[in-house]
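Heads up: the structure comes next, in structure tokens.
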Amino acid sequence: MTPICVDLDDTLIKTDALHEYFIAALKKSPLMLFSCILWLMKGKSYLKSQLVKNVQLNVDLLPYNLELIEFLKGKSREGCPIYLVSASNTDIVQKVIRKFDFFTAGYGSTESLNLKGENKAKFLVQEFGEKGFDYIGDCAADIPIWKKANESYLVTHKSEKRFSEIKYKKVFKRDKNNLSSMIKAMRIYQWAKNLLIFAPMILAHKYNLTQTWIDSTLAFVSFSFMASSIYLLNDLFDMPSDRDHHKKRHRPLASGALSIPAGIFLLLVLISISFYISSFLPRLFSLILVCYTILNLGYSFKFKKVPIVDVILLSSFYMLRLEAGSSATEIYLTQWLIIFALFTFSSLGFLKRYCELLEQFNVSGKSSVEGRGYNTKDLAILMSSGNIAGQISVLCFLLYLFMGGAAKYYGNPKVLLFNGIFYFFWITTLWFKASRGKVSGDPVKYSITDKLSLVIAVLSIMNLIIAKYFEQILNNFS
């Protein structure tokens, strides 16, 4: 039977090995960017060989094209020889063929030869003869190879008409870099966290000022675009651990639905838009935006794996949202709000780590989450620390009612005792559900979709209105 030669990048796998190695190198050390530039100056093949020497890539966690794999397995059962022939370095090619039992052999690029395009076409003709092989590829660089092949196969996320001069025996369709993948990668549902930017305006009761609303909205949009860019950055560096997670493996970058270059491009666009919008706000807001970005970089590269420090940083990200709203509107944050928020966000930070760990253990039996600094032995301390932080935040709220000058803003601050009860019930119930594995890895996402949390939020807002206009309401009933 005619042997089948199959490409690796964006064909057998839904990503490009060179891009994967590049991101892994940056994760190892951002300074390796300069090394990559120097290596590239000596040629693409040299760059690939040096990356392989300096970075390890786990081929078991790569996103594979399952439809194509099933096709190749079927051909192998029919007795057809199958070869993996790729422009990727021969090291990763050999690792991949060892993973699957249907490959006969594999060939990849060396330090001196980039096995792509015309080079690959010449190599395959030498090995199998012209029209002596079938070829499965994905891009324009494969056209010279298809012209020499007996039968041509295409793996594409676009129309096959772009290579109209080639007749394909079979086309393997896949989704990649579409609008829905980009929107999903931005995690717009996480923008709910940025509603904290409106808190200074609302709590200072300045929501009747048009300019305050404009400034808060601009700050919200700017911060949201920056937050989305940070999520993309985290997803780029977390691809290996995400692929090892039962839910996160479906994220666009981890699954290959969004390519690494497209993800980087989208990230840069979002950052540019964010800073452009921030130029219409006070300089302090832009400074906070820069601080938020720098802290997130530190979190992504280093501190995500450091116990307790990671929770402190998670809570600081929420605090910076409050400060962003304050700086955009030039509304002062009281020490009571700062203390209350600090312990609330610390509780949610501990809750996030607790839920991730418990969920991973319940689903896969693993005692730790890759890329985190905790294991199942830490569940008790995470729960106790989070619970204590949550109860301290309740105490801060109650002290504010009687000692923090709440009477300045509310007709009857005692009415807000119900808010204290609502909040105590909510934070305690959240931890109670988490201990039973009923809260997903992201408490914020869970809360904005949880019916009980939404009911408590509505009741709390209604009670705030009653406390604010208590005297008028009482007079109306008199």
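Here are the numbers:
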| quantity | calculated |
| --- | --- |
| Residue satisfying all of: in region 162-190; modelled with pLDDT under 90, out of contact with any strand residue (DSSP E or B) (no Cβ under 8 Å at 6 or more places or on another chain) and among the hydroxyl-bearing types (Ser, Thr, Tyr); farthest from residue 263 (Cα to Cα) among these | 164 |
| Residue within region 321-340 that is buried (at least 17 other Cβ atoms within 10 Å of the Cβ) and either out of contact with any helix residue (DSSP H, G or I) (no Cβ under 7 Å at 6 or more places or on another chain) or among the basic types (Lys, Arg) (or both) present | yes |
| Inter-residue pairs, beta-carbon under 8 Å, first in the same structural domain as residue 421 (by TED's automatic domain parsing) and outside any helix (DSSP H, G or I) and in region 455-478, second charged (D, E, K, R) and modelled with pLDDT under 75, 6+ apart | none |
| Region 1-29, residues that are within 19 Å of residue 45 (Cβ to Cβ) and either aliphatic (A, V, I, L, M) or under 24 Å from the mean Cα position of the chain (by Cα) (or both) | 8, 9, 10, 16, 17, 18, 19, 20, 21, 22, 24, 25 |
| Residue within region 396-407 that is buried (at least 18 other Cβ atoms within 10 Å of the Cβ) and in a loop (DSSP other than H, G, I, E, B) present | yes |
| Residue 241 being in the same structural domain as residue 322 (by TED's automatic domain parsing), in a helix (DSSP H, G or I) and closer than 24 Å to residue 58 by Cβ | yes |
| Exclusive hit being free of Cβ contacts under 8 Å to residues at least 40 places away in the same chain and polar (S, T, N, Q), set 194, 208 | 208 |
| The listed residue being under 16 Å from residue 443 (Cβ atoms), surrounded by fewer than 20 Cβ atoms within 10 Å (Cβ to Cβ) and in contact (Cβ under 8 Å) with a residue 24 or more places away in the chain, out of 353, 372 | 372 |
| Residue selected from region 130-146 under the condition among the acidic types (Asp, Glu) and part of a loop (DSSP other than H, G, I, E, B), by the criterion farthest from residue 1 (Cα to Cα) | 138 |
| Test set (1) within 30 Å of residue 366 (Cα to Cα); (2) in a helix (DSSP H, G or I) - residue 246 fails condition number | (2) |
| Qualifying positions in region 319-376 - modelled with pLDDT of 90 or more, under 19 Å from the mean Cα position of the chain (by Cα) and assigned to a loop (DSSP other than H, G, I, E, B) | none |
| Given (1) under 16 Å from residue 8 (Cβ atoms); (2) touching a strand residue (DSSP E or B) at 6+ places or on another chain (Cβ under 9 Å), number of the condition residue 143 does not satisfy | (1) |
| Single residue of 132, 137 found to be more than 16 Å from residue 80 (Cβ to Cβ), in contact (Cβ under 8 Å) with a residue 40 or more places away in the chain and assigned by TED's automatic domain parsing to the domain that holds residue 53 | 137 |
| Residues of region 144-161 classified as under 37 Å from the mean Cα position of the chain (by Cα), modelled with pLDDT of 90 or more and surrounded by fewer than 17 Cβ atoms within 10 Å (Cβ to Cβ), total | 0 |
| Evaluation of residue 380 against (1) within 28 Å of residue 306 (Cβ to Cβ); (2) touching a helix residue (DSSP H, G or I) at 6+ places or on another chain (Cβ under 7 Å); (3) among the small types (Gly, Ala, Ser) (one fails), failing number | (2) |
| Residue within region 177-187 that is under 19 Å from residue 64 (Cα atoms) and surrounded by fewer than 17 Cβ atoms within 10 Å (Cβ to Cβ) present | yes |
| Residue satisfying all of: in region 193-219; part of a loop (DSSP other than H, G, I, E, B) and aliphatic (A, V, I, L, M); modelled with the lowest pLDDT among these | 204 |
| Any pair with Cβ under 7 angstrom, 6 or more apart, that starts in region 35-46 at a residue that is free of Cβ contacts under 8 Å to residues at least 24 places away in the same chain and ends at one that is part of a helix (DSSP H, G or I) | 36/22; 36/25; 36/47; 39/46; 39/47; 39/50; 40/47 |
| Identity of the residue in region 230-267, surrounded by fewer than 21 Cβ atoms within 10 Å (Cβ to Cβ) and among the small types (Gly, Ala, Ser), that ends up farthest from residue 292 (Cα to Cα) | 255 |
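The values are calculated or read from the model by the stated rules, or taken from the named source; none is laboratory data. The structure displayed is predicted, hence computed values, not measured ones. As a convention, Cβ positions derive from the backbone with ideal geometry for all residues, glycine included, and neighbour counts pool all protein chains shown.
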